[in-house]
Amino acid sequence: MDKRMFHPCDESVQATNDDASECKRSAIKLGYWKDDYIGYFIKSTERKAPEINRGYFARVKGVEILIEKFLQKTGDKCQIINLGCGFDTLYWRLRDAGHMINNFVELDFPTVTSKKCYFIKRNKNLLSKIYVEDEDIRFNPTDLHAPNYHIMGVDLRNVDEVANKLKQAEVDFTVPTIFLAECVLVYIEAQNCTNLLKWFSSQFQTAVFVIYEQVNMNDRFGDVMLSNLRSRGCSLAGVEACITLDTQVLRLINCGFSGAKAYDMVQVYESIPIAERNRIERLEMLDEGELLTQLFQHYCIAIGWVGDLFQDVEIP
């Protein structure tokens, strides 16, 4: 019997990948940050509001800060596992920065990974970066396996399926590993999310888990955000972990992580070097700063770690 779980909102959740990719491309086209690869996955997009562009800048830079701190500790002898990867281009950007990560694994719904595999297969600039001389690249409609890059379709609510996919990707549970989950866990029912996080914390000896998602969802602004998402068919099944920064931390601690921290995006944005903030703030004028502040107050980055190596990794 097929154990794959189907939910009415799955299609809407998968569509959030297109939304996020379009928002990133909008900001990139305006010069918020450099990404030579997003255009291979998303061709054209309308210009987004300045608050959206700046919000995505803070999101991307906040996660980058933590990845850089991780790599400073591990070098390239590590693993990156990108959950709900969508059309993220991190692998290629890291290659351009001179990093050859031991094993880079991307997981998402099969409908999303099939599209990403298609784009990779048909574009030599993407394909050449994952090619290693005298090594094969294996494809099927939803999965791609290269020597140090794997993308696979999976239902993250099914731990057995996730475990099987990581085995196919030859993931080493003893190697330092960073997990990335940007707006992913919030769409997973609490018990399924708990099962997944507990499995990760119990299997990996040394790891850091980075979450980007909503927070402070119990106020009026949070209610409006929830209503907007529900109107698009997205029920935030895991929203109870998004009530406060403390609930974000407790979720990780209760799932077996050695320690955890959480920061709202106001703190994250203020941690970005002032020269970089000044540069991007000159790209577009905000009609008013209040909306951006409210958005920043309702998103966060949470970090959980296993072992001692990453206990001092934090947003500055």
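Every number here is computed from the coordinates shown, using simple stated rules; none is lab data. This is a predicted model, so every value here is computed, not measured. Using ideal geometry, Cβ is built from the backbone for each residue, glycine included, and neighbour counts are taken over all protein chains shown.
Within the stretch 1-117, which helices (runs of 4 or more DSSP H) (wholly inside it) include 1 or more residues that are among the aromatic types (Phe, Trp, Tyr)?
Because the criterion is at least 1 residues that are among the aromatic types (Phe, Trp, Tyr), the helices (runs of 4 or more DSSP H) in the stretch 1-117 that meet it are 50-74, 90-96.
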Within the stretch 147-164, tally of residues that are outside any loop (DSSP other than H, G, I, E, B) and either β-branched (Val, Ile, Thr) or surrounded by fewer than 20 Cβ atoms within 10 Å (Cβ to Cβ) (or both): 7
Odd one out for residue 91, checked against (1) in contact (Cβ under 8 Å) with a residue 60 or more places away in the chain; (2) of a type in the set (Ser, Thr, Tyr); (3) within 27 Å of residue 312 (Cβ to Cβ): (1)
Residues being touching a Pro at 6+ places or on another chain (Cβ under 7 Å) and surrounded by fewer than 20 Cβ atoms within 10 Å (Cβ to Cβ) - total across the stretch 75-119: 1
Single condition residue 311 does not satisfy, out of (1) without any contact (Cβ under 8 Å) to a residue 60 or more places away in the chain; (2) part of a helix (DSSP H, G or I): (2)
Counted residues, the stretch 281-298 - those being surrounded by 19 or more Cβ atoms within 10 Å (Cβ to Cβ) and in contact with a Phe, Trp or Tyr (Cβ under 7 Å, 6 or more places away or on another chain): 2
Residues of the stretch 189-233 satisfying the condition of being over 24 Å from residue 313 (Cβ atoms) and either crowded, with 19+ Cβ neighbours inside 10 Å or of a type in the set (S, T, N, Q) (or both): 191, 192, 195, 217, 218, 222, 225, 227, 228, 229, 231
Neighbours by Cβ (under 9 Å, 6+ apart or cross-chain): first from the stretch 109-130, closer than 14 Å to residue 83 by Cα; second in a helix (DSSP H, G or I): 109/10; 109/13; 109/14; 109/17; 112/14; 112/17
Matching residues in the stretch 255-280 - criterion: being surrounded by fewer than 18 Cβ atoms within 10 Å (Cβ to Cβ), touching a residue at least 24 places away in the same chain (Cβ under 8 Å) and among the acidic types (Asp, Glu): 276
Subset of the stretch 275-290 (residues that are of a type in the set (Asp, Glu) and assigned to a loop (DSSP other than H, G, I, E, B)): 284, 287, 288
